[in-house]
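In what follows, a single structure is set out as structure tokens and then discussed.
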Amino acid sequence: MQSLCTITSNVEISPGVRLMWVEAPDIAVAAQPGQFITVRCEDFMLRRPLSIHQVSPLSSPSTGGEASPERSEGTGEGEIAILFQVVGKGTLWLSQRQIGDKIDVLGSLGKGFSIPSGIARRKVPRQSKNLLLVAGGIGIAPLIFLAQFASSQHSITLIHGARTAAQIYPLLPLRALRSPCHSEPFTVIASEAKQSHLAQDKLREESHPSEQAPRSNLSPLPQEIRFIPITEDGSTGRKGMVTDILPDFLDWADQIYACGPVDMYKAMLELTCHSERSEESKLKKCQVSLEVRLGCGIGACYGCTINTKGGLKKVCQDGPVFELDDILWEEVRV
Amino acid sequence: MVNHAILKLPCYNEVLSMKNILDLHVQLAPRHYKGLILANPVMAAAGTVGYGVEYSKIVDIQKLGAIVCKGITLMPRSGNPQPRLMETASGLLNSVGLENIGIAALLEDKAPIWANWQVPVIVNVAGETIDEYIAVASKLEGIPGISGIELNISCPNISTNSMEFGANPRLAAKLTSAVKAVTSLPIIVKLSPNVTDIKEIALAVEEAGADALTLINTVKGMAIDIAKGKPCLGNTTGGLSGPAIKPIALYMVYEVAKVAHIPLIGCGGIACATDALEFIMAGASAIQVGTANLTNPHSSLVILEGIADFMKNKGITNLTELVGVAQDNS
């Protein structure tokens, strides 16, 4: 659970936002979308919680844990990525770590997103569902992992809202709506990987010209995913807030996943409540990832308890993912 | 027949065998008819390791001297509103407010787990009235898996009388003897630093029958969000812990050690073996690690290692040789 992990990559992908890959084979194998890690930052009392943004498990089963000889250097296997915004002294310290530095990581922690099973079972036909992912700003972090995790079995639309174009996750251009066609998933992903490689190399040239870039760090979103950026200043995608366009997708979506600021959740609650078309069903099918100040991260210190319709819950252990309508939002202080 | 090949294994085993001859045992309740012997002086402080089971998934907590579970009350408590935590310079403010599952759930869900543990579990008992303390302590009587009681007369985060127990020598003594009368378990009293003269309180509860003292609980404090113009903590005030309070705690242990006749447990900002040794040299027989568990779940075990290494390097075989040495040398 707790280990010293070597940083293999650390780049600024948009102003103040960093994408960091670390060697963590155990977490890469076990992590579920929506789970998080905590990182010890310098001498700060509290470890910083960070959503798991992507994982790259070992392709062959490991026999010896982290020091496994099967893990070949530079492949990116057995690694996890975190995507974080520099918001204070702790994340500033973390952003300044170099490739090869080791950081103290605890994880994977918490209860992540629950994803409807689309796995084909005997005598039960495979059912693909429409998943709507809603990201506000840096809230994109766990949703990329979720999108990658669920895309082979579900139809996914990912809305990413930000203030301006530079803050939009720099991965994909606006995509045309596609039906979830799984006929050639592997060739599609392979071609995406190639594109991403180029994009990543370009990124590295811009931000860290001296670094060697042996591999891609920005894993692609599979092509089945519809990516919709929306910015407050209209500099890319549509102009507005995610909640402005959300109503257009409520009927399409079987399940909504959201990660963003509390104000976004409160606005979503209004929307889902007032959407006549989908009043009943959508309210019950929206999972949100909540961020509060965490102490231990493992459910021992009771520093992160919130009140829900189901009683007291520890964000670090019972969450960070909750049903939108389970949380008593009037008690949540921003 | 002894296998000499095994005896000649290299230095790691020599280190181990060296450690084996170190005597780290602590008798925390010499006045008690059953006593309370810890395998080593490193304890987990109340409130930071929950009920122990949470950390047992990450750390081998069986190696600790003892675990003090989260403060428990007669009925479950929901605690204070968010935010409950606030980092400060070298410290942490908390206002959890004694959120806990209540004594009934503790006996049903946690004690059976502890009964299978090697490490002694001490239950931190809190309340708002003497009767509540008595009720909780009575229910702990004869329960397998519970080795002692730590009376929490000093939590700064509940807006009732508990702090007054900790601040008033007469009330503190009355509470201690009342609980003593209903339990056969050793009683440790955890003292508040938020008092004028901690020695007076220490002597009062010692006389009332306390078997040992824990010094100190958190120091009352607060922080203000200047952007919002309001206190940072949901409860307005909280308790300060972490390295920021270590010198305060150390001083109080040093002062109380001059007058007390029962073992002291040092607590307050201990984050490394050096910190722990300072407390031991000031007069503490054992130490508790609290906030450092949040920073690094392995802190307690690292501290234990460090104490053993220090003794080995100094050629000290018995921990008791170190207790209070700074008193003699000052």
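The values are calculated or read from the model by the stated rules, or taken from the named source; none is laboratory data. If you're wondering where the values come from, they're calculated on a predicted model, not measured in any experiment. Cβ atoms come from the backbone with ideal geometry, glycine included; neighbour counts cover every protein chain shown.
Screening A:Lys102 with (1) at pLDDT 95 or above; (2) in contact with a helix residue (DSSP H, G or I) (Cβ under 7 Å, 6 or more places away or on another chain); (3) within 15 Å of A:Val22 (Cα to Cα) gives one miss only, at (2). Going by the conditions given, is A:Pro33 closer than 28 Å to A:Ala162 by Cβ, more than 14 Å from chain B (Cβ to nearest Cβ) and at pLDDT below 95? When the stated conditions are applied, A:Pro33 does not pass them. Residues that are touching a strand residue (DSSP E or B) at 6+ places or on another chain (Cβ under 7 Å) and away from chain A (no Cβ under 14 Å) were ranked within the stretch B:234-249; the one that is farthest from B:Val289 (Cα to Cα) is B:Thr237. Quickly run through the stretch B:98-128 and pick out the residues that are in contact with a Lys or Arg (Cβ under 7 Å, 6 or more places away or on another chain) and assigned to a loop (DSSP other than H, G, I, E, B). Residues satisfying the conditions are B:Leu98, B:Glu99. Exactly one residue out of B:Ala46, B:Ala39 is more than 10 Å from chain A (Cβ to nearest Cβ), in contact with a His (Cβ under 9 Å, 6 or more places away or on another chain) and of a type in the set (Gly, Ala, Ser): that is B:Ala39. Of all residues in the stretch B:252-292, those being within 14 Å of another protein chain (Cβ to nearest Cβ) and buried (at least 24 other Cβ atoms within 10 Å of the Cβ) number 7. Each residue in the stretch A:292-334 was checked for being within 14 Å of A:Cys259 (Cα to Cα) and at pLDDT below 90, and 1 pass. Within the option set B:Leu191, B:Leu140, B:Leu185, being at pLDDT 95 or above and within 25 Å of B:Lys246 (Cβ to Cβ) holds for one residue only, B:Leu191. Could you list, in sequence order, the residues of the stretch B:42-99 that are more than 18 Å from B:Asn235 (Cα to Cα) and basic (Lys, Arg)? Across the stretch B:42-99, the qualifying residues are B:Lys57, B:Lys63, B:Lys70. Of all residue pairs spaced 6 or more apart or on separate chains, those with beta-carbon atoms under 7 Å, a first member in the stretch A:245-258 that is farther than 23 Å from A:Ser117 by Cβ and a second member that is hydroxyl-bearing (Ser, Thr, Tyr) are A:Pro247/A:Ser275.
For B:Asp131, the criteria (1) more than 14 Å from chain A (Cβ to nearest Cβ); (2) part of a loop (DSSP other than H, G, I, E, B) hold in every case but one, which is (2).
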